[in-house]
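First comes the structure, then the notes that go with it.
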Amino acid sequence: MSAPAVSAASLVGLLGETRAALVERLHRVGPQPVAALAAHLGISEVATRRHLGVLREDGLVEEREPRASGGRPATCFALTERADRLFPQSYDRLANELLDFLTAEHGEDGLLAFLRWRVDREVDALAGTIAGGPLEERVAQLAAALSEAGFLADVVEADDATAMGLPTLRLVQHHCVIQGVAREHPEICTYEAAAFARALGTDVEVARHETIADGAPACVCTVSARTG
């Protein structure tokens with residue numbers, strides 16, 4: 001699951017005051033031993049470990065081996081990549097500026113060439129997560145890979161079916177980690193669906209119907225067996 005960026009006040013509402021303070025401290029100074037965190041918060045090490053345990057169960061902190069030094073250094077705790085996403089980022093702005101520059105310098109053909117290159121990379125990455133098997137299994141594997149990447153994807157069976165009586169599936173992405181970029185450059189959504197189709201196999205058709213970037217509550221693709 002990908003955590004959206006939140007303000008300091010929202011972080012307290014999400015995690016509670018003490019755990020929010022722990023996350024903010026680790027974000028500011030990096031990996032810390034329990035003793036240092038407890039001293040900063042003004043609470044016992046036992047209480048600090050209890051809060052760290054909750055954060056670890058939520059996938060927000062992890063134990064790190066300390067750097068080698070004299071004596072026996074204490075184990076440190078650090079934020080995970082998932083926790084880093086709680087804090088505001090400016091990647092969307094940078095990505096949009098890069099795509100705008102690419103278009104200005106090389107025209108629409110340059111932008112499309114980049115998107116085709118990106119699709120090839122996406123296909124290679126996704127194809128490695130799909131072990132094969134029936135359509136339903138392949139789409140489930142794709143959804144799992146997308147969820148791992150932060151897109152919160154799942155699969156449901158659509159109401160209709162193909163002409164051969166095979167199920168039509170709906171691949172639903174409940175979160176978009178590139179929403180700001182996709183809003184400015186909707187071509188990305190089209191090319192992403194093309195990547196899904198290539199990763200799933202030549203016997204599959206994928207059609208994108210809704211996107212979060214266009215105002216829908218989720219990004220939705222229908223996936224069905226190719227009949228022709």
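The values are calculated or read from the model by the stated rules, or taken from the named source; none is laboratory data. Note that the coordinates shown come from a computational prediction; the quantities given were computed from them, not determined experimentally. Don't worry about glycine lacking a Cβ; one is built from the backbone with ideal geometry, like all the others, and counts go over all protein chains shown. Calculation scope for accessible area: heavy atoms of the full protein, side chains included, ligands and nucleic acids excluded. Shrake-Rupley method; radii C 1.70, N 1.55, O 1.52, S 1.80 Å.
For this structure, a couple of remarks:
- With a simple spin-label model that places each label point 7 Å from the Cα along the Cα-to-Cβ direction, the separation between Asn96 and Ile43 comes to 3.9 nm.
- Gain on full stretching of the segment that runs from His209 to Asp109 - 0.36 nm per residue minus C-alpha separation: 33.5 nm
- Full-extension gain in nm, Glu148 to Arg118, via 0.36 nm per residue minus C-alpha separation: 8.9 nm
- Solvent-accessible area of the range 116-228 (1.4 angstrom probe, protein heavy atoms only): carbon and sulfur portion equals 51 percent.
- Cα gyration tensor category, rounded, prolate or oblate, for the range 74-228 with a/c compared to 1.5: oblate
- Centre separation in Å (Cα based) which lies between the range 207-228 and the range 101-156: 13 Å
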